[in-house]
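Visitor: This structure is in structure tokens; I'll ask about it shortly.
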Amino acid sequence: MNKSINQTILKAVNGDSTALEEIIREIKDPIYNLSLRMLGLTADAEDASQDILIKVITNLSAFRQEAAFQTWVYRIAVRYLIDYKKSMFAQHPLDFEYYANDIRAGYLPDDNELLFGADRQALANELKLSCTNVMLQCLDAQSRCIYILGTMFHFDSRIAAEILDMSPENYRQKLSRARHKMADFLQANCGLAKGSCDCFKRVGYAIKTHRLDPARLEFTHLKTLNHSLLEEYTEAMEVFDEQMDIFENLPHYQSPIETKQFIQKLVSSDAMMKIRTYKETV
């Protein structure tokens, strides 16, 4: 965020739609990427990120500049996502044992008819992007958030601890435990870390079980985001071990939320109506 963010927030609170658009454009991509990693599916991530944007915008007047604006935004997002119950994986939770068993069972003889003319390598890449997201769901919600902030968003432990309302020491301990759990699973099961699974060979099984749709490659069709655009929201951490590279190197994406359409929807929402009613009574 630029140095004039506080002035921009003040303008937005006072009804300046251009300032509101600027704030939404600044925060929607980080919120979407955090939602996607926390929830695992693009549809769930889009729904949750819209909810979070509404929470941020309707609470802008409560921002007191006691912390950086980006930290305040992430606190709202993290609290919402850790308690989010509407996603598929919240309703059908995973654990590492179940996922390992699924990987071991997940192969079918080659059948090009299953591919519906799609390129197998493109399908394998889509499966890799999807699988790594699903793999994160094997961690409990708090551990998943800690892992994502530390490994994928590169937050400094002090800032991440502030976002999560814990001490930096506690955050580092929890991050270490989450990393060890993920590293053990990757080493045993993921071909990217010399484990047993092979995305290329698993394509047929993924299509057969409706986990991969050759006609609808969600991650492949998302627009990738230049990682430097997120650097102002994060601070560099030490380089993790080689197993963590799998997650560090995953792409960040542009939010599919259109700013102007979102604002139009927000203006007519119940939340904004309540704010207007409240302002008229005080």
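Visitor: Pull out all pairs, ordered by first then second residue, where Cβ-Cβ is under 7 Å, the residues are six or more apart or on different chains, the first lies in the stretch 160-185 and is without any contact (Cβ under 8 Å) to a residue 24 or more places away in the chain and within 11 Å of TYR147 (Cβ to Cβ), and the second is of a type in the set (A, V, I, L, M) and part of a helix (DSSP H, G or I).
Guide: ALA160/LEU149
Visitor: Please go through the stretch 1-39 and pick out each residue that is among the aliphatic types (A, V, I, L, M) and either at pLDDT below 90 or over 16 Å from the mean Cα position of the chain (by Cα) (or both).
Guide: The answer is MET1, ILE5, ILE9, LEU10, ALA12, VAL13, ALA19, LEU20, ILE23, ILE24.
Visitor: Same structure, new question: Go through (1) over 24 Å from ARG144 (Cα atoms); (2) surrounded by fewer than 21 Cβ atoms within 10 Å (Cβ to Cβ); (3) among the hydrophobic types (A, V, I, L, M, F, W, C); (4) not assigned by TED's automatic domain parsing to the domain that holds MET152 one by one and return the number of the condition ILE57 breaks.
Guide: If we test ILE57 against (1) over 24 Å from ARG144 (Cα atoms); (2) surrounded by fewer than 21 Cβ atoms within 10 Å (Cβ to Cβ); (3) among the hydrophobic types (A, V, I, L, M, F, W, C); (4) not assigned by TED's automatic domain parsing to the domain that holds MET152, just (2) comes out false.
Visitor: Just checking, which of ARG144, ARG79 is in the same structural domain as ASN33 (by TED's automatic domain parsing) and at pLDDT 95 or above?
Guide: ARG79
Visitor: Here's something else I'd like to know. Right, LEU192: over 30 Å from GLU258 (Cα atoms), surrounded by 13 or more Cβ atoms within 10 Å (Cβ to Cβ) and modelled with pLDDT under 80 or not?
Guide: Spelling it out, LEU192 is indeed over 30 Å from GLU258 (Cα atoms), surrounded by 13 or more Cβ atoms within 10 Å (Cβ to Cβ) and modelled with pLDDT under 80.
Visitor: Listed residues SER176, SER167; which is under 19 Å from ALA67 (Cα atoms) and either assigned by TED's automatic domain parsing to the domain that holds LEU217 or at pLDDT 95 or above (or both)?
Guide: SER167
Visitor: Somewhere in the stretch 98-107, is a residue in contact with a helix residue (DSSP H, G or I) (Cβ under 8 Å, 6 or more places away or on another chain), modelled with pLDDT under 90 and closer than 23 Å to ALA215 by Cβ?
Guide: Yes, that holds for at least one residue.
Quick grid of which residues meet (1) crowded, with 22+ Cβ neighbours inside 10 Å; (2) touching a residue at least 60 places away in the same chain (Cβ under 8 Å); (3) on the phi < 0 side of the Ramachandran plot:
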site: LEU10; (1), (2), (3): no, no, yes
site: GLU22; (1), (2), (3): no, no, yes
site: LEU36; (1), (2), (3): yes, yes, yes
site: LEU41; (1), (2), (3): no, yes, yes
site: LEU53; (1), (2), (3): yes, yes, yes
site: ARG64; (1), (2), (3): no, no, yes
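Visitor: Does LEU149 meet the test of being surrounded by 22 or more Cβ atoms within 10 Å (Cβ to Cβ) and out of contact with any Asp or Glu (no Cβ under 6 Å at 6 or more places or on another chain)?
Guide: Yes: the conditions hold for LEU149.
Visitor: Conditions first: (1) under 26 Å from GLU162 (Cβ atoms); (2) under 19 Å from the mean Cα position of the chain (by Cα); (3) of a type in the set (A, V, I, L, M). ALA43 passes all but one, so which condition is the exception?
Guide: Just one mismatch for ALA43, condition (1).
Visitor: Now for a separate question. Hey, can you tell me all the residues within the stretch 79-114 that are closer than 16 Å to ALA45 by Cβ and in a helix (DSSP H, G or I)?
Guide: TYR80, LEU81, ILE82, MET88, PHE89, ALA90, GLN91
Visitor: For the stretch 186-207, which positions are free of Cβ contacts under 8 Å to residues at least 12 places away in the same chain and of a type in the set (D, E, K, R)?
Guide: Those that are free of Cβ contacts under 8 Å to residues at least 12 places away in the same chain and of a type in the set (D, E, K, R): LYS194, ASP198.
The values are calculated or read from the model by the stated rules, or taken from the named source; none is laboratory data. It should be emphasised that the depicted structure is a prediction, and the values quoted were computed from it without experimental measurement. Here the Cβ is made from the backbone with ideal geometry for all residues, glycine too, and neighbour counts use every protein chain on show.
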